[in-house]
Amino acid sequence: MTTATNYASFKPAVLHVTPEGTGHLIGTRCPTCGAHFFPPRAVCSRCLTEDLQTVGLSDAGTLYTFTVIHQSTPGFQIPYVLGYVDLPEGVRVLAQIGVAAEQARIGMPLDLSIEPFGEDKDGNPMLGYRFRPARGSGAGTPAAASVKE
Amino acid sequence: MNDVYVIGVGMTRFAKHADRDVVSLGTEAVRAAIKDANLDPRRIEAAYCGHVFQGMAAGQRVLAQVGLAGIPLANVENACSSGATAIREAYLAIRAQECEVVLAFGMEHLTSKFKGALTPDEDDPEAAVGLTMPGVYAMRARRYMEEYGTTREQLALIPVKNRAHAALNPLAQFQDRIAVKQVLESRPIADPLRLLDCSPISDGAAAVIVTSDAAARRLGGGRAIRLAASSLRTGSVEPEPTSMSFEPLTHATARDAYERAGIAPEEVGFAEVHDCFSIAEALRVEGLGLFGRGEYLLAVERGDASLGGRMPVNPSGGLLGKGHPLGATGVAQVVELVRQLRGEGAERQIENATVGLAHCRGGKAAGVDGAACTVQILTR
């Protein structure tokens with residue numbers, strides 16, 4: 001179990017983590033038309049309702065598309081798989097995908113994973129999120145962490 | 001409202017100008033445009049400068065060099081559409097009859113600011129998980145290839161075409177042709193995109209003199225080209241995820257421009273579009289309605305989008321061949337359109353060119369389908 005607890009680098013705050021190390025992504029839901037948004041936003045883009053509700057999002061989705069990043073900014077250990085994950089609420093979330101590049105497939109089922117993700121400016125480990133192949137989907141093995149830790 | 005014309009254009013060579021700074025590049029481009037228009041610089045009533053990373057009051061530093069201090073100037077930042085947005089501000093000032101002669105220029109000294117790929121703002125939640133700009137387009141490329149069954153080799157035909165066009169443009173960063181094999185064997189950047197699928201880091205500047213119709217008659221020397229539309233849109237926030245193999249933002253911006261210009265997509269004879277990455281050119285021209293959805297790579301394969309083809313795309317070499325100094329890019333596209341429409345395209349001249357279109361699209365903000373998009377239509 002990780003000792004990393006700081007996830008302040010994710011701005012705006014998009015990740016809720018419990019003391020047990022589980023958690024979920026945070027979005028907003030329009031109380032009028034039901035639309036969901038990620039990252040959270042202040043006003044509904046469909047019906048302009050204000051005061052959207054903060055909600056936890058589903059932890060399972062499917063891979064819409066992906067890439068393997070071979071050149072990145074300092075702090076990210078290359079290569080890593082990056083993809084857009086469609087959640088049942090109708091939101092698309094960008095995340096690193098914890099899967100070997102050759103096993104990534106458009107449409108594959110994925111689960112959210114709360115795990116160590118890089119360091120803050122003082123070198124303290126942070127918690128972040130990836131998506132990993134859904135249990136029982138038979139796809140993939142835990143890939144090497146793709147952020148310097 | 002006034003109709004709007006372009007009476008002068010100028011640009012530096014796009015290249016890695018290690019021994020120069022942005023003010024020197026901006027000054028060269030502005031002076032070239034003034035000279036091209038054969039204009040007394042005292043006629044210029046206002047100026048707009050597009051740039052992204054050149055610091056506070058960069059445009060004013062250029063004005064001071066060219067003897068234009070005192071007139072109103074606004075620096076315009078709109079990601080890769082900054083230069084095009086500067087032209088649009090000039091267009092609006094003239095449409096509103098506030099001004100008759102306006103300078104719009106764009107400039108960027110990128111090599112002194114970046115070594116590798118540009119990244120979204122570090123506070124962006126997508127940047128926080130490792131998004132890069134090539135990564136954005138790589139994911140779109142994978143989706144496009146999956147949906148339309150196109151191949152990696154077909155995608156490589158875009159940089160091959162644009163480098164061939166650039167080889168005919170003495171102001172382009174790259175002067176050599178490349179082959180498909182070189183694209184496929186270049187360094188991987190963001191799979192499936194490789195180095196030669198990506199526009200380079202470039203320095204450069206470009207400038208245009210924009211006027212009212214009355215001023216164009218007085219000052220244009222018979223060479224004025226009409227700026228029939230200059231449209232700008234920002235990305236919308238969709239309540240449902242949209243297809244990444246098509247560009248609603250480009251489509252909406254183009255529709256606005258076609259309407260304002262009274263021009264149908266079928267009337268466009270050639271286009272300069274924002275090919276920051278190979279796949280981007282396909283997404284742009286299909287969003288603009290110049291080619292059918294999923295059909296562009298086949299058209300490139302047939303030669304339709306090459307000089308001499310049915311609808312030349314990026315005759316200047318585009319961002320892939322000419323280079324991509326962010327703020328200068330949108331202005332340089334209009335420089336190319338004006339030169340083609342005047343018949344000054346030299347080895348790149350498109351026969352019977354009467355309607356040209358320029359498209360820019362830039363920036364990344366989480367949750368929207370693109371930050372800023374411009375479409376400008378010029379007619380002879």
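The values are calculated or read from the model by the stated rules, or taken from the named source; none is laboratory data. From a predicted model like this one, the values you see are computed outputs, not experimental measurements. Cβ sites come from the backbone with ideal geometry, for glycine too, and all protein chains shown count toward neighbours. Heads up: the accessible areas ignore ligands, DNA and RNA and are worked out on the full protein's heavy atoms, side chains in. Shrake-Rupley method; radii C 1.70, N 1.55, O 1.52, S 1.80 Å.
Of all the residues that make up the range B:38-67, how many are more than 25 Å from B:C360 (Cα to Cα) and open to solvent by 10 Å² or more (accessible area, probe 1.4 Å)?
Qualifying residue count for the region: 12.
For the range A:28-45, check the following and say yes or no: at least one residue is among the aliphatic types (A, V, I, L, M), modelled with pLDDT of 90 or more and touching a strand residue (DSSP E or B) at 6+ places or on another chain (Cβ under 7 Å). I'd like the intermediate steps shown before the answer.
First, the residues of the range A:28-45 that are among the aliphatic types (A, V, I, L, M): A:35, A:42-43.
Checking the rest, the ones that are also modelled with pLDDT of 90 or more come to A:35, A:43.
With touching a strand residue (DSSP E or B) at 6+ places or on another chain (Cβ under 7 Å) added as a condition, the list becomes none.
Scanning the range A:28-45 turns up no residue that is among the aliphatic types (A, V, I, L, M), modelled with pLDDT of 90 or more and touching a strand residue (DSSP E or B) at 6+ places or on another chain (Cβ under 7 Å).
So which of B:G50, B:G8, B:G83, B:G55 ends up being small (G, A, S) and more than 23 Å from B:A228 (Cβ to Cβ)?
B:G55
Exactly one condition in (1) out of contact with any Asp or Glu (no Cβ under 6 Å at 6 or more places or on another chain); (2) away from chain A (no Cβ under 14 Å) is not met by B:E147; state its number.
Of the numbered conditions (1) out of contact with any Asp or Glu (no Cβ under 6 Å at 6 or more places or on another chain); (2) away from chain A (no Cβ under 14 Å), the odd one out for B:E147 is (2).
To keep it simple, each residue is scored yes or no on (1) buried (at least 23 other Cβ atoms within 10 Å of the Cβ); (2) part of a strand (DSSP E or B).
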position	(1), (2)
B:A305	yes, no
B:M311	no, no
B:G330	yes, no
B:V335	yes, no
B:L341	yes, no
B:G356	yes, yes
B:Q376	yes, yes
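Going residue by residue through the range B:346-359, is there one that turns out to be touching a Ser or Thr at 6+ places or on another chain (Cβ under 9 Å), under 21 Å from B:Y144 (Cβ atoms) and basic (K, R)? Give the steps one after another, and end with the answer.
So the first thing to find is which residues in the range B:346-359 are touching a Ser or Thr at 6+ places or on another chain (Cβ under 9 Å), and the list is B:348, B:354-356, B:358-359.
Adding the requirement that they be under 21 Å from B:Y144 (Cβ atoms) leaves B:359.
Of the ones still in play, those that are also basic (K, R) are none.
No - not one qualifying residue is present in the range B:346-359.
Identify all residues within the range B:263-285 that are crowded, with 24+ Cβ neighbours inside 10 Å and assigned to a helix (DSSP H, G or I); write none if there are none.
Residues satisfying the conditions are B:S278, B:I279, B:A280, B:E281, B:A282, B:L283, B:R284, B:V285.
If you scan the range A:65-82, which residues turn out to be touching a residue at least 12 places away in the same chain (Cβ under 8 Å) and more than 7 Å from every other protein chain (Cβ to nearest Cβ)?
A:G75, A:Q77, A:I78, A:P79, A:V81
Within the range B:8-33, which residues are surrounded by fewer than 22 Cβ atoms within 10 Å (Cβ to Cβ) and of a type in the set (A, V, I, L, M, F, W, C)?
B:A15, B:A18, B:V23, B:A32
Away from every other protein chain (no Cβ under 14 Å) and basic (K, R), is that true of B:K181?
yes
Output yes when any residue across the range B:229-245 is surrounded by fewer than 20 Cβ atoms within 10 Å (Cβ to Cβ), under 19 Å from B:V334 (Cβ atoms) and outside the structural domain of B:T85 (by TED's automatic domain parsing), and no when none is.
no
Out of B:A128, B:A172, B:A141, B:A190, which single residue is small (G, A, S), within 9 Å of chain A (Cβ to nearest Cβ) and not in a helix (DSSP H, G or I)?
B:A190
For a quick check of your reading of the model, give me the residue pairs whose first member lies in the range B:250-271 and is closer than 18 Å to B:G292 by Cβ, whose second is open to solvent by less than 20 Å² (accessible area, probe 1.4 Å) and charged (D, E, K, R), with beta-carbon atoms closer than 9 Å and at least 6 apart or on different chains.
Partner pairs satisfying both residue conditions: B:T250/B:R284; B:T250/B:E286; B:T250/B:R361; B:H251/B:E286; B:A271/B:R284.
Condition (residue is among the hydrophobic types (A, V, I, L, M, F, W, C), within 13 Å of chain A (Cβ to nearest Cβ) and either part of a strand (DSSP E or B) or out of contact with any Phe, Trp or Tyr (no Cβ under 6 Å at 6 or more places or on another chain) (or both)) applied to the range B:226-237: is it met by at least one residue?
Yes.
Provide a single number: the residues in the range B:57-84 that are in contact with a strand residue (DSSP E or B) (Cβ under 8 Å, 6 or more places away or on another chain) and free of Cβ contacts under 8 Å to residues at least 12 places away in the same chain.
Total satisfying the criteria: 0.
Quick check on my filter: what residues within the range A:14-30 are away from chain B (no Cβ under 14 Å) and either open to solvent by less than 30 Å² (accessible area, probe 1.4 Å) or assigned to a loop (DSSP other than H, G, I, E, B) (or both)?
A:V17, A:T18, A:P19, A:E20, A:G21, A:T22, A:G23
Can you say whether B:F270 is in contact with a helix residue (DSSP H, G or I) (Cβ under 7 Å, 6 or more places away or on another chain), within 30 Å of A:F38 (Cβ to Cβ) and among the hydrophobic types (A, V, I, L, M, F, W, C), as far as the supplied structure shows?
no
Going residue by residue through the range A:101-122, is there one that turns out to be within 19 Å of A:G23 (Cα to Cα), in a loop (DSSP other than H, G, I, E, B), touching a strand residue (DSSP E or B) at 6+ places or on another chain (Cβ under 8 Å) and more than 10 Å from chain B (Cβ to nearest Cβ)?
no
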